[in-house]
Amino acid sequence: MVQKSEQYSDATTTFAFVDGHPFSIIPGETILSFLKRHKGENLVPTLCDAPNLDPFGACRVCSVEVALEPDGRRKTMASCHTPIAEGQHIFPSSPAIQDLRKNIIELVLTDHPLDCLTCEVNGNCELQTVAAQVGIRDVRYPEGETHLHREKDLSHPYMTSDLSKCINCYRCVRACDEVQGEFVLSMAGRGFDAKIVKGIDQSFMDSDCVSCGACSQACPTSAISDIFQSKAITATETTRTICTYCGVGCNLEVSTTNGEVVSIRAPYDAEVNQGHTCLKGRYAFKFYDHPDRLTSPLIKRDGVFEKATWDEAYDYIANKLTNYKAEFGPDYIAGISSSRCTNEENYLMQKFIRAVIGTNNIDGCARVCHSPTALGMQRTFGTGAATNSIQDLQHTNCIMVIGANPTDAHPVTGAKLKQFSMKQDNVSIVIDPRRTELARYADYHLALRPGTNVAVLNMMMHYILKEGLADTSFIESRTEGFDDFKQHLLQLDIDQMETISGVDRALVRAAAIAYASAPNAMSFHGLGVTEHSQGTFAVMQIADLAMLTGNIGRPGVGVNPLRGQNNVQGAADMGVQPHQGAGYLDVTNPEINQQYNDFYGVTVPTHIGYKIPEMFDAALEGKLKAIWIIGEDVVQTDPNTQKVIKALEATDLVIVQELFMTETAKYADVVLPGASFLEKSGTFTNGERRVQAVRQVVAPLPGTKPDGQIIVDIMNRLGYNQPDYTPDGMLEEISQIVPFFAGIRWDELDINGKQWPVAPDGTDTQILHQTEFKRGLGYFEFNAFEESKEITSHGKDYPYILTTNRELEHYNCGAMTRRTGNGEILKSDYLMIHPEDAATNLINEGDYVCLESPRGKVDVKARITDEVNPGVLSTTFHFPEIMVNNITSDIHDSEAMCPEYKVVAVRIRKSKGKFKVG
Ligand code: SF4
């Protein structure tokens, strides 16, 4: 007997009925999600539905019968996109519905190869599953014309398609649109001729596909797949871990068979990436067992590397370090730790340098990327980390992206920002010299001259004040230093700033008003802000802009640096910097020093150590005898390559811990073969302060060791009693000294990790500065624009400005990505040059251009594009063959010493031949 609906409604809960039984409904949910919630995932079969896509209603396999009364007239409706309503009666498996589903699948199968036994997705094909579920035993329809002859597309290093297996469900098209926002896939033709096309009916390789794999993961059959056959059931084990590339921190499900990684997919329940990745995370993993991997310690004797045992290498290092320490003192030794490594490994490395060697000469790659972010935000707010989370995009109305190209450098976040920018009522502002992909969708693109962020940000704040758009109540209650700041801003010489920046004042004013008028505005910044001589000041201004408009301390606002390497946030958190120990505690403070002394059981130094550029200077001055570099290719990626090489040559003992024989490793005296992220456990902290578990997937390659264990081994050789590396043991130690890790425990890190600060009871923090800043009041400090010394000293003779950028396919020095299929997609660095500049210098597309700076010259192939303005050039430094850093300068940020990669004075000419080093 079916129940009357009015019996099942109260003030707070409403109900609908399934086969006569009442179940609660959630306002806004679809019939399908209602049925899944109450009756399990498998009651209603689906084909065109997918967890990370909007409801579509194309296949009708999910149809159910719906009536308003128990015995009323039933209508057949697609459950995936029909909202449930109070009192409705749903019949999900009536005989009529079962017939309908069977009929639909039979029709699909009339045009589908029935080669299940040899198909790559046999056993994991959604069509196969649904066919079994609805009871297909026969196809009753006569054979007619089919699409079974369609050719496979095997053009791409990763993506494949076999459209004879396509069931026209549109999942791939929707994944490309809704998840990645790339619009490469579409349905062309009508009726029987309808088919999925890539671009303008091209191959994957020729199309604009960004190889994110969203379509492959979405496809219910093997019509679109990848070379790893990631949907095949060949894996014996699946391990969840975190991507090793960028600071987005995507979760990965890694499949293995017989101890070998076979494929990677993206879990749908990950808060960070919700079933999505970019091509680096999903496909660029084959570096891990590449034949180039270092598999034995090496010691250089008479200029030649010789294989050594671990014991020989450890003894060699321990003897040398002991002697240098005794003869010259601990400050003649330095360490560079790695953002590729786990928090635990970074913690150990700084502990080794401080507690075992006895110096604060420890630094990391943040020095050359986001050190100005950490410093600038610490000065303004008290905490040098992102204030909010990426999921706050759901709560914001306006984004300002400055000095960042996230669709290439932070692709999963970039895709979200792109989706945000495309929506009509949202406002997006891009401040960047290049017309990046996001700039094409932006409401306001401020294409400033490289190096003038401070000028433009000051102009924006000037207009906000002039227009009366400052949030006075926030300023009065939460900040200090405003009056002086305001006076300077109101006196700003707008004529001069407009000329300096090259951005029309009306455009700056309009963007400023848009940011200040939005109910909620979020900013995102990258290395285009920090890698400048005024990097720290620009970060402080972004923070000032947020305080000026009250955009701090609630969902959908804040200052959100897009961190570069996967664990660059964590490395700094763990104390990989010369002025602050683990937990950002001031090494010069006597009370804190005592705390460290007590904890480490030895006396640690109180004077600030060398930053990376200072290490190289010290080496050249004969004040550095030994340096231990983990996972950083400083020769290729640090500025002024020739100076870096000279510094390494001047250092008696160079220890390099690496996966490959990088450009830096070539200058080592001892090489230690470390392990990749797939071969060890620990935690990475992403750009949202989210500490996530990195789980060992495969055993370290024979001959290699996890980096943490190597550091522990050497600590013990030098007489410090450090227990063996285990992720839980190390986290336990860290939680006792890093205040904001107090409540982090290895076995309590669930699938989405925890965002620090984490209280002792395990409560984490999504949004910082909600009621007060870490430093108490937020601090306004005015800083005037100053032209870079690079321009004032060399601009006349070297009239073009070269700025550097990153490409989607490669990561940093490219040591990992160049050893994967990504190397077939992008094979070399290239130079972006405006058509006018190309014409002036008689340069054609693909010509080698000689770029000459005061440091030297390199040749790079030209790509003529209006993505850059006249007078501005842009290139990457992923390839050692080019070595662009031969010409970058070691001018650095006045505060944090981050090098100014983004402003290089150069002159150009068409090259006669290819220079390597000038
Ligand atoms: Fe990895 Fe970043 Fe790509 Fe995510 S967006 S898969 S973290 S490189």
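The values are calculated or read from the model by the stated rules, or taken from the named source; none is laboratory data. Keep in mind that this is a model prediction, so the values were computed, not measured. Note: ideal-geometry Cβ built from the backbone for every residue, glycine included; neighbour counts use all protein chains shown. Side chains included, ligands, DNA and RNA excluded: accessible areas come from the protein's heavy atoms. Shrake-Rupley method; radii C 1.70, N 1.55, O 1.52, S 1.80 Å.
Select from segment 726-753 the residues that are open to solvent by 30 Å² or more (accessible area, probe 1.4 Å) and either part of a loop (DSSP other than H, G, I, E, B) or within 22 Å of Val272 (Cβ to Cβ) (or both) and list them in ascending order.
Listed by number, the residues that qualify are Thr726, Arg745, Trp746, Asp747, Glu748, Asp750, Ile751.
Criterion applied to Pro673, Pro639 was being at pLDDT below 95 and away from the ligand (no atom under 16 Å from the Cβ), and the one residue passing it is Pro639.
Quick test for you: out of Asp49, Asp54, pick the one residue that is of a type in the set (Asp, Glu) and crowded, with 18+ Cβ neighbours inside 10 Å. Criteria check complete, one pass: Asp49. Just one of (1) touching a strand residue (DSSP E or B) at 6+ places or on another chain (Cβ under 8 Å); (2) in a loop (DSSP other than H, G, I, E, B) fails for Leu873. It is (2). For segment 589-635, a residue qualifies if it is of a type in the set (Asp, Glu) and more than 27 Å from Thr244 (Cα to Cα), and the qualifying residues are Glu591, Asp598, Glu614, Asp617, Glu621. For segment 326-345, the count of residues that are modelled with pLDDT of 95 or more, over 23 Å from the mean Cα position of the chain (by Cα) and polar (S, T, N, Q) is zero. For segment 532-587, a tally of residues being in a strand (DSSP E or B) and within 22 Å of the chain's Cα centre (by Cα) returns 5. Within segment 692-703, the set of residues being β-branched (Val, Ile, Thr) and surrounded by 22 or more Cβ atoms within 10 Å (Cβ to Cβ) comprises Val694, Val697.
Being within 26 Å of Ser63 (Cα to Cα) and in a helix (DSSP H, G or I) narrows it down to one residue among Asn103, Asn122, Asn168; which is it? None of the other options fit; the residue is Asn103. Quick check, is Gly622 out of contact with any Leu (no Cβ under 7 Å at 6 or more places or on another chain) and modelled with pLDDT of 95 or more? Considered against the rule, which asks whether it is out of contact with any Leu (no Cβ under 7 Å at 6 or more places or on another chain) and modelled with pLDDT of 95 or more, Gly622 comes out as yes.
Cβ-Cβ distances below 8 Å connect the following pairs, each with a first residue in segment 802-823 that is in contact (Cβ under 8 Å) with a residue 40 or more places away in the chain and at positive phi, a second residue that is buried (at least 23 other Cβ atoms within 10 Å of the Cβ) and not in a loop (DSSP other than H, G, I, E, B), and a separation of six or more residues or different chains: Asn812/Gln565; Asn812/Thr637. The residue list Ser225, Ser211 contains one member that is polar (S, T, N, Q), buried (at least 24 other Cβ atoms within 10 Å of the Cβ) and within 25 Å of Ala131 (Cβ to Cβ), which is Ser225.
Filtered by the rule that a residue be open to solvent by 30 Å² or more (accessible area, probe 1.4 Å) and within 16 Å of the ligand (Cβ to nearest atom), segment 417-430 gives a lone residue, Gln419. Taking the residues in segment 232-243 that are closer than 17 Å to His276 by Cβ and surrounded by fewer than 24 Cβ atoms within 10 Å (Cβ to Cβ) as candidates, determine which candidate is nearest to the ligand (Cβ to nearest atom). The qualifying residue nearest to the ligand (Cβ to nearest atom) is Thr241.
Of the residues contained in segment 105-128, one or more are found to be among the hydroxyl-bearing types (Ser, Thr, Tyr), more than 39 Å from the chain's Cα centre (by Cα) and closer than 16 Å to Asn168 by Cα.
The residues of segment 105-131 that are open to solvent by 30 Å² or more (accessible area, probe 1.4 Å) and either among the β-branched types (Val, Ile, Thr) or without any contact (Cβ under 8 Å) to a residue 12 or more places away in the chain (or both), listed by number, are Val108, Thr110, Leu114, Asp115, Leu117, Thr118, Thr129.
For segment 766-809, the set of residues classified as in contact with a Pro (Cβ under 8 Å, 6 or more places away or on another chain), outside any loop (DSSP other than H, G, I, E, B) and open to solvent by less than 20 Å² (accessible area, probe 1.4 Å) consists of Ile801, Thr803, listed by residue number. Selection of helices (runs of 4 or more DSSP H) fully inside segment 429-531 by the criterion of at least 3 residues being hydroxyl-bearing (Ser, Thr, Tyr) and modelled with pLDDT of 95 or more returns 472-478.
Being of a type in the set (A, V, I, L, M), out of contact with any Leu (no Cβ under 6 Å at 6 or more places or on another chain), surrounded by fewer than 17 Cβ atoms within 10 Å (Cβ to Cβ) and under 17 Å from Tyr283 (Cβ atoms) is a description that applies to Leu154.
With respect to Asn168, is the statement that it is out of contact with any Lys or Arg (no Cβ under 6 Å at 6 or more places or on another chain), of a type outside the set (Lys, Arg) and within 16 Å of the ligand (Cβ to nearest atom) true?
Spelling it out, it is not the case that Asn168 is out of contact with any Lys or Arg (no Cβ under 6 Å at 6 or more places or on another chain), of a type outside the set (Lys, Arg) and within 16 Å of the ligand (Cβ to nearest atom).
If the condition is being of a type in the set (D, E, K, R), in contact (Cβ under 8 Å) with a residue 60 or more places away in the chain and under 23 Å from Val576 (Cβ atoms), then segment 285-341 contributes Lys320, Asp331, Arg340.
Output the residues belonging to segment 617-631 that are open to solvent by 10 Å² or more (accessible area, probe 1.4 Å), touching a residue at least 60 places away in the same chain (Cβ under 8 Å) and under 33 Å from the mean Cα position of the chain (by Cα). Once the filter is applied, which keeps residues that are open to solvent by 10 Å² or more (accessible area, probe 1.4 Å), touching a residue at least 60 places away in the same chain (Cβ under 8 Å) and under 33 Å from the mean Cα position of the chain (by Cα), segment 617-631 yields only Gly631. Regarding segment 838-854, can at least one residue be identified that is within 30 Å of Ala675 (Cα to Cα) and either in a strand (DSSP E or B) or open to solvent by less than 60 Å² (accessible area, probe 1.4 Å) (or both)? Checked segment 838-854: no residue is within 30 Å of Ala675 (Cα to Cα) and either in a strand (DSSP E or B) or open to solvent by less than 60 Å² (accessible area, probe 1.4 Å) (or both).
Here Gly247 fits the description: more than 22 Å from Asp49 (Cα to Cα), open to solvent by less than 10 Å² (accessible area, probe 1.4 Å) and either more than 14 Å from the ligand (Cβ to nearest atom) or small (Gly, Ala, Ser) (or both). Within the option set Leu678, Leu648, being within 16 Å of the ligand (Cβ to nearest atom) and in a helix (DSSP H, G or I) holds for one residue only, Leu678. Residues that are within 12 Å of the ligand (Cβ to nearest atom) and in a helix (DSSP H, G or I) within segment 387-416 comprise Ile390, Pro406, Thr407, Asp408, Ala409, Pro411, Val412, Thr413, Gly414, Ala415, Lys416, listed in sequence order. Quick one: Asn812 ticks every box in (1) in a loop (DSSP other than H, G, I, E, B); (2) within 21 Å of Val272 (Cβ to Cβ); (3) out of contact with any Gly (no Cβ under 8 Å at 6 or more places or on another chain) bar one, so which box is it? So Asn812 meets the others, but not (3). Kindly indicate whether any position in segment 167-176 is in contact with a Gly (Cβ under 7 Å, 6 or more places away or on another chain) and open to solvent by 10 Å² or more (accessible area, probe 1.4 Å). No, segment 167-176 has no match at all. Scanning segment 132-146 turns up one or more residues that are touching a Pro at 6+ places or on another chain (Cβ under 9 Å) and open to solvent by less than 50 Å² (accessible area, probe 1.4 Å).
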